[in-house]
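*Asks:* Take this structure, written in structure tokens, and hold onto it; I'll ask about it next.
What follows draws every value from the coordinates through simple rules; no lab data is involved. Bear in mind the structure is a predicted one, so any value in this text is a computation, not a measurement. Neighbour counts are summed over all protein chains in view; Cβ atoms, including those assigned to glycine, are modelled from backbone coordinates with ideal geometry.
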Ligand SMILES: O=C(O)CCC(=O)C(=O)O
């Protein structure tokens with residue numbers, strides 16, 4: 001998949017891009033099945049009782065077929081189209097969400113450094129927990145950032161419920177749709193049930209300059225297996241992701257793996 005100029009402009013301006021129907025019904029069926037096995041076997045899903053979010057790391061890294069999402073030309077075209085073909089894959093999270101998430105950005109880098117690719121596995125509307133974003137809020141000059149407005153305080157500040165925060169939009173979902181957003185973009189979900197299934201892939205630019213590399217070290221010192229004190233047995237990624245990787249996939253694993261192992265030698269891949 002190659003993004004059009006319009007799509008790239010849209011992403012750069014509004015901080016997100018939605019690709020409806022990126023995966024077919026047949027494809028999303030196996031993705032859901034693999035996700036369910038993963039969250040049940042590795043992700044604490046068996047204990048999920050809906051009182052809080054169940055979350056686990058590296059959702060696509062535990063089973064060979066899910067790992068191939070990182071080889072998928074559409075996924076690579078989407079990510080590569082916004083942050084460069086040689087992007088770094090940097091893990092992700094798999095979830096049974098319960099309730100609202102509230103407004104937040106995932107980063108405050110002040111520029112396009114990292115992105116999140118989101119896969120929602122249930123049909124979600126604006127009333128039942130679909131993703132919401134504040135378009136343009138990745139930009140340091142956007143009013144929520146420039147004026148330090150907390151959209152979660154919308155009721156107190158403006159008499160408007162946070163879920164209806166002015167200028168925000170709801171991206172209703174049919175499984176198979178994929179949304180990518182800049183980590184700096186404010187996003188949220190309101191009105192979802194107690195088992196909202198969703199997983200993500202986080203990616204960063206492949207860093208070449210000293211200042212970009214410094215940012216990546218900073219990012220991985222927190223957002224990585226070692227940063228979360230998790231011993232995958234294979235460093236930055238769970239073993240299946242690394243052991244089933246071909247040369248093409250390794251391009252997307254290498255930089256984060258190396259920096260991770262330097263930052264967290266106690267959790268480094270042994271061989
Ligand atoms: O669907 C949601 O709850 C939003 C996802 C989210 O907050 C996140 O991935 O950081």
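*Asks:* Just one of 177, 212, 164 is more than 12 Å from the ligand (Cβ to nearest atom) and crowded, with 20+ Cβ neighbours inside 10 Å; which is it?
*Replies:* Details: 212 fails: crowded, with 20+ Cβ neighbours inside 10 Å; 164 fails: crowded, with 20+ Cβ neighbours inside 10 Å.
Being more than 12 Å from the ligand (Cβ to nearest atom) and crowded, with 20+ Cβ neighbours inside 10 Å holds for just one of 177, 212, 164, which is 177.
*Asks:* Inside segment 174-214, can you point out the residues that are under 18 Å from the mean Cα position of the chain (by Cα) and either over 28 Å from residue 38 (Cα atoms) or in a helix (DSSP H, G or I) (or both)?
*Replies:* Of everything in segment 174-214, those that are under 18 Å from the mean Cα position of the chain (by Cα) and either over 28 Å from residue 38 (Cα atoms) or in a helix (DSSP H, G or I) (or both) turn out to be 184, 185, 186, 206.
*Asks:* Taking segment 60-75, which residues are over 16 Å from residue 256 (Cβ atoms), buried (at least 18 other Cβ atoms within 10 Å of the Cβ) and in contact (Cβ under 8 Å) with a residue 60 or more places away in the chain? Working first, answer last.
*Replies:* First, pick out the residues of segment 60-75 that are over 16 Å from residue 256 (Cβ atoms): 62-66, 68-69, 71-75.
Filter once more, keeping what is buried (at least 18 other Cβ atoms within 10 Å of the Cβ): 62-63, 66, 69, 75.
Hits for segment 60-75 are 62, 63, 69, 75.
*Asks:* Something else now. Quick check on this structure: which one of 192, 233 is surrounded by 17 or more Cβ atoms within 10 Å (Cβ to Cβ) and either closer than 30 Å to residue 30 by Cβ or in contact with a strand residue (DSSP E or B) (Cβ under 7 Å, 6 or more places away or on another chain) (or both)?
*Replies:* 192
*Asks:* Within segment 79-100, count every residue that is touching a helix residue (DSSP H, G or I) at 6+ places or on another chain (Cβ under 9 Å) and in contact (Cβ under 8 Å) with a residue 60 or more places away in the chain. Let's see the steps before the verdict.
*Replies:* Keep residues of segment 79-100 that are touching a helix residue (DSSP H, G or I) at 6+ places or on another chain (Cβ under 9 Å), which gives 79, 81-82, 85-91, 94-96, 100.
Then drop every residue that is not in contact (Cβ under 8 Å) with a residue 60 or more places away in the chain, which leaves 79, 81-82, 86-91, 94-96, 100.
Residues in segment 79-100 being touching a helix residue (DSSP H, G or I) at 6+ places or on another chain (Cβ under 9 Å) and in contact (Cβ under 8 Å) with a residue 60 or more places away in the chain: 13 in total.
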